[in-house]
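The values are calculated or read from the model by the stated rules, or taken from the named source; none is laboratory data. What you are looking at is a predicted structure, and each value in this text was computed from that prediction instead of being measured. Here Cβ is always computed from backbone atoms with ideal geometry, including for glycine, and neighbour counts include all displayed protein chains. Heads up: the accessible areas ignore ligands, DNA and RNA and are worked out on the full protein's heavy atoms, side chains in. Shrake-Rupley method; radii C 1.70, N 1.55, O 1.52, S 1.80 Å.
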Amino acid sequence: MQEVVPITTTNGTPQSSRVANALGAKDSSVRLQAALAAGSNPDTGFLEALVERCAVEPDFFVRDMLSWALTRLSPEIALPRIRQELGSERTQARSQALHTLSKIGDRSAWAWITRDMLRDADDEVARTAWRVAVVLVPEDAKKDLADELVTQLGRGDRDVQLSLSRALVDLGDVTESGLAAAAADPDPAVAAHACATELLRQNPETGFDAAVDEAKRVVTLGPERAAAAAAAASEVAETTEAAGAAETAEPMVTAESTEAVKAAKAGESANC
């Protein structure tokens, strides 16, 4: 017999009770099908069960389906309940509520995105808050948001820093002054992250890892020496490419060199 974890529903109808029970099933495929069913046949009676399950669901795909099911409900009904989760003590509840807000895309929810959320101690919550803030921010608040996000430069591991860089790049030119100031920060981690983000802003085709490597070089050597080194590396790479155009013995080395040259050239123009 399938093990289930009962979840309270708002209207107690047989259908909502069956879906709620299925959302707590041991088998993730059963939970996925239950979330799909709830979204395919939206009913306000599913609201509480869906929101509660978002806070504890361990499977990424099921969580995403739960959020989708919530987007199928009337925003007037769903948004107030989702807003309650933003203040939850459970990190996953906060993170998933923010994620769901980004999926709904109702700009009225912008007022709910606080500085504390953007600086949440939990990296996953903060990353989600950055993403939803960029989605919901009105045009006249973009500069203030960019200045707030710049304060988080240098935070976390590669994935966290990549998320922040993407958010800043998505905000556009309003980030330029903040990134320029952060590039001169005495903390080398902050300066390098700011410089890498500016490289990406100017040349989105530059890979994040290549941009970070180039930014670290700029921070270590200084802009002038880094630019000279970049020019020399570019010249050597172009000479090598011309001399060995017919050689295919080491394709991976050629690909990496090309990526490095792109980052080096982007570094020259960024002049962090």
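What is the number of the single condition among (1) of a type outside the set (Val, Ile, Thr); (2) buried (at least 18 other Cβ atoms within 10 Å of the Cβ); (3) under 22 Å from PHE61 (Cα atoms) that GLN152 does not meet?
Only one criterion is unmet by GLN152, namely (3).
Looking only at the stretch 65-103, count every residue that is open to solvent by 80 Å² or more (accessible area, probe 1.4 Å) and outside any helix (DSSP H, G or I) and tell me the total. Full working, then the answer.
First pass over the stretch 65-103, keeping only residues open to solvent by 80 Å² or more (accessible area, probe 1.4 Å): 68, 72, 76, 83-84, 89-90, 103.
If we keep only those that are outside any helix (DSSP H, G or I) too, we end up with 72, 89-90.
Matching residues across the stretch 65-103 total 3.
Would you please name the residue that is nearest to LEU79 (Cα to Cα), looking only at residues in the stretch 28-57 that are at pLDDT 95 or above and part of a loop (DSSP other than H, G, I, E, B)?
By that ranking, first place goes to ALA55.
Across the stretch 96-154, what is the total count of residues that are under 21 Å from SER74 (Cα atoms) and of a type outside the set (A, V, I, L, M, F, W, C)?
The number of residues fulfilling the criteria is 9.
Among the residues of the stretch 51-61, are any among the basic types (Lys, Arg) and more than 23 Å from SER28 (Cβ to Cβ)?
To start, the set of residues in the stretch 51-61 that are among the basic types (Lys, Arg) comprises 53.
Subsequent filtering for residues that are more than 23 Å from SER28 (Cβ to Cβ) retains none.
Checked against the condition, which is being among the basic types (Lys, Arg) and more than 23 Å from SER28 (Cβ to Cβ), the stretch 51-61 yields no hits at all.
Matching residues to (1) in a helix (DSSP H, G or I); (2) in contact with a Leu (Cβ under 8 Å, 6 or more places away or on another chain); (3) modelled with pLDDT under 55; (4) open to solvent by 10 Å² or more (accessible area, probe 1.4 Å):
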position	(1), (2), (3), (4)
GLY172	yes, no, no, yes
THR175	yes, yes, no, no
ASP209	yes, no, no, yes
ARG225	yes, no, yes, yes
ALA237	yes, no, yes, yes
CYS272	no, yes, no, yes
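Looking only at residues in the stretch 126-143 that are closer than 14 Å to ARG94 by Cβ and among the basic types (Lys, Arg), which one is least open to solvent (accessible area, probe 1.4 Å)?
That would be ARG127.
For the stretch 104-117, indicate whether the set of residues that are open to solvent by less than 40 Å² (accessible area, probe 1.4 Å) and more than 13 Å from VAL132 (Cβ to Cβ) is non-empty.
no
If I ask for residues that are free of Cβ contacts under 8 Å to residues at least 12 places away in the same chain and charged (D, E, K, R), which ones from the stretch 81-104 would you list?
GLU89
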